[in-house]
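*Asks:* Before we start, here is the structure in question, set down as C-alpha cells.
The values are calculated or read from the model by the stated rules, or taken from the named source; none is laboratory data. As the structure is a prediction and not an experimental result, all values here were calculated from the model. Cβ atoms come from the backbone with ideal geometry, glycine included; neighbour counts cover every protein chain shown.
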Amino acid sequence: MQLFLVLQEGKRGVFINLKGMGKVNDGILCFIFPIFVTIIVVRLMYVLYWVRKPNRSLRTDNLRTLIVLGSGGHTAEMLRIVNVLQKDRFAPRFYIAAATDSMSLQKAKVLEDSLIQQENSGRKMVEASQFIQIYRSREVGQSYVTSIATTLIALAHAVWLTFRIRPQVIICNGPGTCIPLCTSAFLFKLVGLGWSNIFYVESIARVRKVSLSGLLLYKLLLADQFYVQWPQLQKKYPRAQLVGCLM
Amino acid sequence: MDGAGNGGRIRKMVFVTVGTTCFDALVKAADSRQVKEALSKRGYTDLMIQMGRGSYVPSKVSEEDEPLTVDYFAFSPSIADYLKSASLIISHAGSGSIFETLQLGKSLIVVVNEDLMDNHQSELAEELAERKHLFYARPQMLQQTIETMDLETLVPYVPGSPKPVVDLINKFLGFPAD
C-alpha cells in the first residue's frame with residue numbers, strides 16, 4: 001500500500017497513463033532487458049575466448065583478405081608483408097586506405113599489377129583485388145571534439161565495407177583507419193555475422209611505445225594476434241609476439 | 001688521373017631529404033654557411049636539397065666562390081637515384097627515408113624535427129643510432145655532427161625480413177608450413 005502511494009506521488013501524471021500497462025512495462029524491465037544483457041555478455045565472453053585461439057585443423061582453402069594501408073611508413077611496411085604472403089592462400093585481396101591518402105592505393109595497384117604479369121594461367125582464377133577508400137576517423141591535428149563525429153562516420157562506413165567485403169583475414173599495422181575496421185569486424189563476430197582473424201603488426205617506427213591504434217587493439221582484445229618488431233615492446237606487452245624488424 | 005674539366009676533383013654529393021614534410025629548420029641548417037663549410041672540409045663537393053613542403057628556399061650556387069655547388073627541388077616521385085649517387089645522406093626521421101637509405105648501405109645523418117608534436121619518429125632514429133647504423137642530430141647540432149663524425153664507426157644495417165610475420169600468420173590460420 002505504501003509503495004503504491006509513493007509511486008503515485010512521484011509520477012503523478014505518468015501514473016494515470018500507465019495504469020493499464022503497468023504489468024507490461026514491469027515485464028520489459030524485469031525480464032527481457034536482463035535476458036538481453038545476459039545474451040550479449042555470454043556471447044562476448046564466447047568471442048573473447050575464441051579470439052587468439054589458433055586454427056587446429058589443416059587449412060587448404062583461400063581466405064578473403066583485407067589489407068589496411070596508411071600514410072607515412074605504414075604502406076611501405078604493409079606491402080613488404082603482402083609481397084611475401086602466399087597469393088593463392090590470401091585471395092581475393094581488398095586494400096583499404098583513407099580517402100585523403102592518395103599514394104597508398106596507387107602503390108598497392110603497382111604491386112598487384114606486377115603480380116598479374118608474373119602469374120601464368122594454370123592457377124585457379126580468383127576474384128581480382130579491389131582498392132577501396134574509407135572516410136578518415138581523424139586528420140592529423142584535428143580537434144578531439146570534431147574527431148568524435150568523424151570517427152562515428154568512419155565507423156558507419158567501416159561497418160558497410162565489412163558487410164560488403166566479408167573479410168576472413170584482416171592485416172593492419174597502425175594507421176587510424178584500422179580502428180573503425182577492426183571494431184566493425186569485431187562487432188560482426190559478436191553478433192555472429194562472420195568471423196575474421198585480425199592480425200596487427202606494430203610499425204617498425206614504434207620502438208618503446210605502441211601507437212594509439214595498437215594500444216586500443218591490445219587492451220580491448222580486438223586482435224587475434226599482436227606482433228611487435230622490437231624487443232622493448234615485447235617486454236612491455238607480454239601478449240605481443242616478437243617478429244623482428246621487417247624492413 | 002683524368003681529363004675531366006673540373007680539375008680532376010672527385011665529386012661527392014650530399015643529399016638532404018625531408019620527404020613529404022615541411023622541415024624548414026633542416027633545410028636552413030643545411031643551406032647555412034657553417035654547414036656548407038663543414039661539408040666541404042670533409043671532402044664533399046655538391047649539395048642537393050629535397051625541400052618538400054617547406055617555405056625556406058635554398059640558394060642555387062655554382063662552385064666558384066662558394067664551398068659547394070648547391071641545388072634543390074621540392075618533390076620527386078622517387079628519390080632512389082639521388083640516394084644511390086650520394087656519398088652522404090642527411091634525412092628527416094621518417095622510417096621510409098631511413099630504411100631506403102640504410103638498405104642502400106649509405107652513410108646517414110638523421111635530423112629530428114623538434115616542431116612535430118607526438119615525436120614518435122625520434123624513437124626509431126635513437127635506437128638505430130645506438131646500434132651505430134646512423135648518426136642522429138638536432139638541426140642546431142648538424143654542423144658539429146658533420147665535423148666530428150667518423151664514418152668508419154658506422155655498422156652496416158642488415159635488412160630485416162617479413163617472413164617471420166607471414167609464417168606466424170599462416171601457422172595461426174592453420175595453413176601447412178612451406
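*Asks:* For segment B:148-173, name all the residues that are facing chain A (nearest Cβ under 8 Å), surrounded by 15 or more Cβ atoms within 10 Å (Cβ to Cβ) and not β-branched (Val, Ile, Thr).
*Replies:* Taking segment B:148-173 and keeping what is facing chain A (nearest Cβ under 8 Å), we get B:159-166, B:168-173.
Within this subset, residues satisfying the condition of being surrounded by 15 or more Cβ atoms within 10 Å (Cβ to Cβ) are B:160-162, B:164-166, B:168-170, B:172-173.
Within segment B:148-173, B:Gly160, B:Ser161, B:Pro162, B:Pro164, B:Leu168, B:Asn170, B:Phe172, B:Leu173 qualify.
*Asks:* Look at segment A:161-203 and say how many of its residues are assigned to a helix (DSSP H, G or I), more than 21 Å from A:Pro54 (Cβ to Cβ) and of a type outside the set (A, V, I, L, M, F, W, C). Break it down into steps so the answer makes sense when it comes.
*Replies:* Residues of segment A:161-203 that are assigned to a helix (DSSP H, G or I), as a first pass: A:161-165, A:178-190.
With the extra rule that they be more than 21 Å from A:Pro54 (Cβ to Cβ), the set shrinks to A:161-165, A:178-181, A:183-184, A:187.
Within this subset, residues satisfying the condition of being of a type outside the set (A, V, I, L, M, F, W, C) are A:162, A:164, A:180, A:183-184.
Within segment A:161-203, residues that are assigned to a helix (DSSP H, G or I), more than 21 Å from A:Pro54 (Cβ to Cβ) and of a type outside the set (A, V, I, L, M, F, W, C) number 5.
*Asks:* For the structure I just gave you, tell me whether A:Thr146 is in a loop (DSSP other than H, G, I, E, B), out of contact with any Asp or Glu (no Cβ under 6 Å at 6 or more places or on another chain) and of a type in the set (Val, Ile, Thr). Reasoning before the result, please.
*Replies:* Values: in a loop (DSSP other than H, G, I, E, B): no; out of contact with any Asp or Glu (no Cβ under 6 Å at 6 or more places or on another chain): yes; of a type in the set (Val, Ile, Thr): yes.
For A:Thr146, the condition - in a loop (DSSP other than H, G, I, E, B), out of contact with any Asp or Glu (no Cβ under 6 Å at 6 or more places or on another chain) and of a type in the set (Val, Ile, Thr) - is not met.
*Asks:* Failed condition for B:Asp118, given (1) more than 30 Å from A:Asp61 (Cβ to Cβ); (2) modelled with pLDDT under 95; (3) within 12 Å of another protein chain (Cβ to nearest Cβ); (4) in a helix (DSSP H, G or I), with all others met?
*Replies:* Of everything listed in (1) more than 30 Å from A:Asp61 (Cβ to Cβ); (2) modelled with pLDDT under 95; (3) within 12 Å of another protein chain (Cβ to nearest Cβ); (4) in a helix (DSSP H, G or I), B:Asp118 misses just condition (4).
*Asks:* Give the residues of segment A:64-94 that are facing chain B (nearest Cβ under 10 Å) and more than 17 Å from B:Val165 (Cα to Cα), sorted by residue number.
*Replies:* Of everything in segment A:64-94, those that are facing chain B (nearest Cβ under 10 Å) and more than 17 Å from B:Val165 (Cα to Cα) turn out to be A:Ser71, A:Gly72, A:Gly73.
*Asks:* Which one of A:Leu105, A:Leu44, A:Leu66 is free of Cβ contacts under 8 Å to residues at least 40 places away in the same chain, on the phi < 0 side of the Ramachandran plot and not charged (D, E, K, R)?
*Replies:* On the way: A:Leu44 fails: free of Cβ contacts under 8 Å to residues at least 40 places away in the same chain; A:Leu66 fails: free of Cβ contacts under 8 Å to residues at least 40 places away in the same chain.
The match here is A:Leu105.
*Asks:* Is at least one residue of segment B:68-78 hydroxyl-bearing (Ser, Thr, Tyr), within 14 Å of chain A (Cβ to nearest Cβ) and surrounded by fewer than 17 Cβ atoms within 10 Å (Cβ to Cβ)?
*Replies:* Within segment B:68-78, the subset hydroxyl-bearing (Ser, Thr, Tyr) is B:69, B:72, B:76, B:78.
Checking which are within 14 Å of chain A (Cβ to nearest Cβ) leaves us with B:76, B:78.
Narrowing further to those that are surrounded by fewer than 17 Cβ atoms within 10 Å (Cβ to Cβ): B:76, B:78.
There is at least one residue in segment B:68-78 that is hydroxyl-bearing (Ser, Thr, Tyr), within 14 Å of chain A (Cβ to nearest Cβ) and surrounded by fewer than 17 Cβ atoms within 10 Å (Cβ to Cβ).
*Asks:* Sticking with this one: Checking the structure you have, find out if any residue of segment A:49-66 is assigned to a helix (DSSP H, G or I) and not hydrophobic (A, V, I, L, M, F, W, C).
*Replies:* Looking through segment A:49-66, at least one residue is assigned to a helix (DSSP H, G or I) and not hydrophobic (A, V, I, L, M, F, W, C).
*Asks:* Give A:Ile179, A:Ile165, A:Ile171 a once-over and let me know the one that is within 13 Å of another protein chain (Cβ to nearest Cβ) and either over 27 Å from B:Ala93 (Cα atoms) or not acidic (Asp, Glu) (or both).
*Replies:* Values: A:Ile179 fails: within 13 Å of another protein chain (Cβ to nearest Cβ); A:Ile165 fails: within 13 Å of another protein chain (Cβ to nearest Cβ).
Step by step, each of A:Ile179, A:Ile165, A:Ile171 is checked, and only A:Ile171 is within 13 Å of another protein chain (Cβ to nearest Cβ) and either over 27 Å from B:Ala93 (Cα atoms) or not acidic (Asp, Glu) (or both).
*Asks:* Pairs, please: C-beta under 8 Å, at least 6 apart or cross-chain, first residue acidic (Asp, Glu) and in segment A:223-247, second crowded, with 16+ Cβ neighbours inside 10 Å and part of a strand (DSSP E or B)?
*Replies:* A:Asp224/A:Asn197; A:Asp224/A:Ile198; A:Asp224/A:Phe199
*Asks:* For segment A:194-237, how many residues meet the condition of being within 15 Å of B:Pro162 (Cα to Cα), facing chain B (nearest Cβ under 10 Å) and in contact with a Lys or Arg (Cβ under 7 Å, 6 or more places away or on another chain)?
*Replies:* Final tally of qualifying residues: 0.
*Asks:* Let me ask you something else. Which residues, taken from segment B:107-154, are small (Gly, Ala, Ser) and over 18 Å from B:Ala38 (Cα atoms)? Lay out the reasoning, then the answer.
*Replies:* Step one: list which residues in segment B:107-154 are small (Gly, Ala, Ser), which gives B:107, B:122, B:125, B:129, B:137.
Selection gives B:Ser122, B:Ala125, B:Ala129.
*Asks:* Going through B:Ser87, B:Ser55 one at a time, which residue ends up being of a type outside the set (Phe, Trp, Tyr) and over 15 Å from the mean Cα position of the chain (by Cα)?
*Replies:* Values: B:Ser87 fails: over 15 Å from the mean Cα position of the chain (by Cα).
Matching residue, one of B:Ser87, B:Ser55: B:Ser55.
*Asks:* A further question on this structure: For the condition over 24 Å from A:Gly141 (Cα atoms) and surrounded by fewer than 22 Cβ atoms within 10 Å (Cβ to Cβ), what is the one hit in B:Thr101, B:Thr145? So that I can check it myself, show each step before the final result.
*Replies:* Values: B:Thr101 fails: surrounded by fewer than 22 Cβ atoms within 10 Å (Cβ to Cβ).
It is B:Thr145.
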